[in-house]
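Enquirer: Pasting a structure below so you can have a look.
The values are calculated or read from the model by the stated rules, or taken from the named source; none is laboratory data. Given the structure is predicted, the values throughout are model-derived calculations rather than measurements. Ideal geometry is used to build each Cβ from the backbone, glycine not excepted, and the neighbour counts take in all protein chains shown.
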Amino acid sequence: MPTEANSVDERIGTEPLISRLMKRPELGAIAGVVLVTIFFMITADSAMFTLSGILNFLTPASQLAILAIGASMLMIGGEFDLSLGSMVAFAGLFFSAAVVNFSLPLVVAIPATLVFAALVGSISGQIVVRTGLPSFIVTLAFLFILRGLSLVGLKLATGGSTQLRGVREAVEGDWLVPFFSGDAFGGFFAWLASNGWVETFKNGTPKVTGIPVEILWSIGLAVLATYVLLRTPVGNWIFAAGGDPVAASNSGVPVRKVKVSLFMLTAACAALLAIIQVLDAGSTDARRGFQKEFEAIIAAVIGGCLLTGGYGSAIGAFFGSIIFGMVVIGLTYTNFDQDWFQVFLGGMLLLAVLFNNMIRKRVTGER
Amino acid sequence: MTDPIVHMENIEKHFGAVIALAGVSFDVTAGECHCLLGDNGAGKSTFIKTMSGVHKPTKGTILFEGKELKFDTPRDSMEAGIATVYQDLAMIPLMSVTRNFWMGREPTKGRGLFKRFDIDRANEITMEEMRKMGINLRGPDQAVGTLSGGERQTVAIARAVFFGAKVLILDEPTSALGVRQTSNVLATVDRVRNQGIGVVFITHNVRHAMAVGDRFTVLNRGKTLGTATKGNVTAEELQDMMAGGQELASLEGSLGGTV
Ligand SMILES: Nc1ncnc2c1ncn2[C@@H]1O[C@H](COP(=O)(O)OP(=O)(O)OP(=O)(O)O)[C@@H](O)[C@H]1O
Ligand SMILES: [Mg+2]
């Protein structure tokens, strides 16, 4: 073997940090968060960036993030799920019926709802991997099927209404409630208030009584998903399955199992959101999760996921959701007409896609 | 001669109405390089894909170390100790060299829930294996899409050599390689064979085949035209067999024997 092979190749320059960072898929979303923050710092009422203002936009943002993180993993794996929003309604119905009509305790109802949703998700997953049909069309069908089933099911469960009430009463006193609804760290905030470190009302109770649990759930999910994607063999399989399923399968990656599991995971994320929302509202209705699938996919794309699969980031989807929440809620703090929201969103999406496309060309060295 | 590691008996493969393989028998023993030659579309790739678990044969049996085996997925054949360099390389351009190298067989550290991809070790071994093949990478995190065709091919070969415990299948591994890398690959085939691994080497290039082959099987239109052992066949005879004899002979004059 030639000895020169062991010497350093003189054609290799050191890559500057900036250009290495440029290759991280979530970079665009983080830059977007900074830009949107600056924008609202200038245009919005200062109340937006107080502690309660921040929690005010982080709460819907993190609810979206729970969906978007699942959607981003599925997108990296090369598939879509358009039935996510309908799944929120369907799982919400299952969960509500379990606690109201069947009086199950949460310790049974919550796992049952997650498993049930995952099983439904595995149906679309199995259809996609077995037929090779685009997931776009298969899950579009499930968008309607699940929405319709939610309506029919609600009427059956309530005797004609499309809203199922009484969840709050049914779960009253259940020890699992604080993990899925309300605010966490209430004691800590009360302690902060008693020391005068956070804003309080006249009677001494803090204006912010804690961190809404969905924020903690979404952060936990984002960290876990990122760990799985970047640091485990399964993460490598997800990127491979999305990048080129044939090459991945030929290299020994169980592509079908990976894809079906991802469909199950996204469905379970939708169910988690349903549980949180239903416990929060005390009821469920058939419109729950309406059009959330698009918002989740947009957040994932803003977060750096390629529509073609094989590339993206879960933490990016988390930041994409924050952008989303900031824009929706932030506009109410400004003098702009609320309806600018859609324009803003479309613009963000377009920008993100253009940016991702550029990044992809850099990464693959496409010429 | 020792018993074959893999013995393929009367393999047929139909794709709908297309008969890609019409009864091919082939075997490879430990420590030999068995070359599979044939023109474009002869069925070479299809044949080795039945050996590596990508295609299920329509008919025929696969004996692995004397026992009949069915490979349902490429993973099954890998676990039996067969590694393959596919003609299309089976690499993912958006992923790094390391991630491609270990795809499907990632090394792990930690236990139970904390079992994780051992990236440092993976990077180290990848760089080392690539160096052995005469290629210096910019870094193990370089995306495969940014590599040249030959570099890509070399990653695929290095990967298969690393994982090919018993049988190594190379489907036209030298087609995109320069002189130095080609001689590296041929030297690698020789080294691997001397370690007692059975090598199946597909090529169009008779000179490459003659350089490393112990046996030569020529495939034509889904059938074997016969197997020859080293020393009992000349490059010209193989060349003629591959091309179906007569046509090439009539070209010989105008090309001046350069093929
Ligand atoms: N998936 C498939 N579906 C239908 N026909 C196929 C398929 N794969 C291969 N074939 C056909 O089988 C025949 C053999 O193809 P194969 O790829 O095995 O040839 P080859 O000997 O590897 O050729 P080359 O030297 O060009 O690589 C060809 O006629 C091809 O069209
Ligand atoms: Mg071929």
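Enquirer: Within the stretch A:231-238, does at least one residue satisfy the condition of being within 18 Å of the chain's Cα centre (by Cα), modelled with pLDDT of 95 or more and not polar (S, T, N, Q)?
Expert: Quick first cut of the stretch A:231-238, residues within 18 Å of the chain's Cα centre (by Cα) only: A:235, A:238.
Within this subset, residues satisfying the condition of being modelled with pLDDT of 95 or more are A:235, A:238.
Subsequent filtering for residues that are not polar (S, T, N, Q) retains A:235, A:238.
Scanning the stretch A:231-238, I find at least one residue that is within 18 Å of the chain's Cα centre (by Cα), modelled with pLDDT of 95 or more and not polar (S, T, N, Q), so the answer is yes.
Enquirer: Then there is this: For the stretch A:230-243, which residues satisfy the criterion of being surrounded by 24 or more Cβ atoms within 10 Å (Cβ to Cβ) and either free of Cβ contacts under 8 Å to residues at least 24 places away in the same chain or at the interface with another protein chain (Cβ under 7 Å from one of its Cβ atoms) (or both)?
Expert: A:Asn236, A:Trp237, A:Phe239, A:Ala240, A:Gly243
Enquirer: Oh, and also: Looking at (1) over 17 Å from the mean Cα position of the chain (by Cα); (2) in contact (Cβ under 8 Å) with a residue 60 or more places away in the chain; (3) crowded, with 20+ Cβ neighbours inside 10 Å, find the lone condition where A:Arg24 falls short.
Expert: (3)
Enquirer: Is one or more of the residues making up the stretch B:46-68 among the aliphatic types (A, V, I, L, M) and more than 16 Å from ligand 1 (Cβ to nearest atom)?
Expert: Keep residues of the stretch B:46-68 that are among the aliphatic types (A, V, I, L, M), which gives B:48, B:51, B:54, B:62-63.
Cutting the leftovers down to more than 16 Å from ligand 1 (Cβ to nearest atom) gives us B:62-63.
Yes; the residues of the stretch B:46-68 include at least one that is among the aliphatic types (A, V, I, L, M) and more than 16 Å from ligand 1 (Cβ to nearest atom).
Enquirer: Then there is this: Look through the stretch B:12-33, keep the residues that are in a loop (DSSP other than H, G, I, E, B) and aliphatic (A, V, I, L, M), and return whichever of them is surrounded by the fewest Cβ atoms within 10 Å (Cβ to Cβ).
Expert: Residue satisfying both the conditions and the ranking: B:Ala17.
Enquirer: How do the pairs read when you match residues in the stretch A:143-172 that are within 19 Å of A:Ile110 (Cβ to Cβ) and at pLDDT below 95 with residues anywhere that are polar (S, T, N, Q) and exposed (fewer than 15 other Cβ atoms within 10 Å of the Cβ), using Cβ under 7 Å and keeping only pairs 6 or more apart or on different chains?
Expert: A:Ala157/A:Asn101; A:Ala170/A:Ser103
Enquirer: Considering the stretch A:307-327 alone, what residues qualify as being more than 16 Å from A:Phe49 (Cβ to Cβ) and either surrounded by fewer than 22 Cβ atoms within 10 Å (Cβ to Cβ) or of a type outside the set (Gly, Ala, Ser) (or both)?
Expert: Once the filter is applied, which keeps residues that are more than 16 Å from A:Phe49 (Cβ to Cβ) and either surrounded by fewer than 22 Cβ atoms within 10 Å (Cβ to Cβ) or of a type outside the set (Gly, Ala, Ser) (or both), the stretch A:307-327 yields A:Leu307, A:Thr308, A:Tyr311, A:Ile315, A:Phe318, A:Phe319, A:Phe324.
Enquirer: Can I ask one more? Can you name the residue in the stretch B:34-53 that is β-branched (Val, Ile, Thr) and within 12 Å of ligand 2 (Cβ to nearest atom) and is also surrounded by the fewest Cβ atoms within 10 Å (Cβ to Cβ) among such residues?
Expert: Looking at the filtered set, the residue picked out is B:Thr46.
Enquirer: Please go through the stretch B:1-39 and give me each residue that is within 16 Å of ligand 1 (Cβ to nearest atom) and free of Cβ contacts under 8 Å to residues at least 40 places away in the same chain, ordered by number.
Expert: Listed by number, the residues that qualify are B:Phe15, B:Gly16, B:Ala17, B:Val18.
Enquirer: Please find, among B:Thr61, B:Thr126, the residue that is surrounded by fewer than 16 Cβ atoms within 10 Å (Cβ to Cβ), away from every other protein chain (no Cβ under 11 Å) and within 22 Å of the chain's Cα centre (by Cα).
Expert: Just one listed residue meets the conditions, B:Thr61.
Enquirer: From the list A:Ala248, A:Ala267, A:Ala271, A:Ala222, which one is within 30 Å of B:His55 (Cα to Cα), of a type outside the set (Phe, Trp, Tyr) and at pLDDT 95 or above?
Expert: On inspection, the qualifying residue turns out to be A:Ala248.
Enquirer: Does the stretch B:176-190 contain any residue that is modelled with pLDDT of 90 or more and among the charged types (D, E, K, R)?
Expert: Yes, there is a match, as at least one residue in the stretch B:176-190 is modelled with pLDDT of 90 or more and among the charged types (D, E, K, R).
Enquirer: Can you find, within the stretch B:205-222, the residue that is surrounded by the most Cβ atoms within 10 Å (Cβ to Cβ) among those that are within 16 Å of ligand 2 (Cβ to nearest atom) and under 27 Å from B:Phe64 (Cα atoms)?
Expert: B:Val218
Enquirer: Follow-up. Of the numbered conditions (1) within 11 Å of another protein chain (Cβ to nearest Cβ); (2) within 13 Å of ligand 1 (Cβ to nearest atom); (3) surrounded by 17 or more Cβ atoms within 10 Å (Cβ to Cβ); (4) part of a loop (DSSP other than H, G, I, E, B), B:Asp88 fails exactly one; give the number of that condition.
Expert: (3)
Enquirer: Here's another thing I want to ask about it. Please work out which residue is farthest from ligand 2 (Cβ to nearest atom), limiting yourself to the stretch B:54-73 and to residues that are out of contact with any strand residue (DSSP E or B) (no Cβ under 6 Å at 6 or more places or on another chain) and of a type in the set (A, V, I, L, M, F, W, C).
Expert: Top of the filtered list is B:Phe71.
Enquirer: Within 16 Å of ligand 2 (Cβ to nearest atom) and on the phi < 0 side of the Ramachandran plot: is that true of B:Val24 in this structure?
Expert: Yes, satisfied.
Enquirer: Can you find a residue in the stretch B:154-167 that is away from chain A (no Cβ under 14 Å), in contact (Cβ under 8 Å) with a residue 24 or more places away in the chain and assigned to a strand (DSSP E or B)?
Expert: yes
Enquirer: Taking the condition over 30 Å from B:Glu128 (Cα atoms), more than 13 Å from ligand 2 (Cβ to nearest atom) and surrounded by fewer than 24 Cβ atoms within 10 Å (Cβ to Cβ), does B:Pro4 pass?
Expert: The answer is yes for B:Pro4.
Enquirer: Considering only residues that are within 16 Å of ligand 1 (Cβ to nearest atom) and more than 7 Å from every other protein chain (Cβ to nearest Cβ), which ones fall in the stretch B:73-85?
Expert: Once the filter is applied, which keeps residues that are within 16 Å of ligand 1 (Cβ to nearest atom) and more than 7 Å from every other protein chain (Cβ to nearest Cβ), the stretch B:73-85 yields B:Thr84, B:Val85.
Enquirer: What residue, among those in the stretch B:129-153 that are away from chain A (no Cβ under 12 Å) and in a helix (DSSP H, G or I), is surrounded by the most Cβ atoms within 10 Å (Cβ to Cβ)?
Expert: B:Gln153
Enquirer: Checking the condition touching a residue at least 24 places away in the same chain (Cβ under 8 Å), buried (at least 22 other Cβ atoms within 10 Å of the Cβ) and in contact with a Leu (Cβ under 8 Å, 6 or more places away or on another chain), which residue from A:Leu272, A:Leu279 passes?
Expert: A:Leu272
Enquirer: Right, here's the next one. Regarding the stretch B:96-111, can at least one residue be identified that is part of a loop (DSSP other than H, G, I, E, B) and out of contact with any Phe, Trp or Tyr (no Cβ under 9 Å at 6 or more places or on another chain)?
Expert: Of all residues in the stretch B:96-111, those part of a loop (DSSP other than H, G, I, E, B) come to B:103-107, B:110-111.
With the extra rule that they be out of contact with any Phe, Trp or Tyr (no Cβ under 9 Å at 6 or more places or on another chain), the set shrinks to B:110-111.
Yes - at least one qualifying residue is present in the stretch B:96-111.
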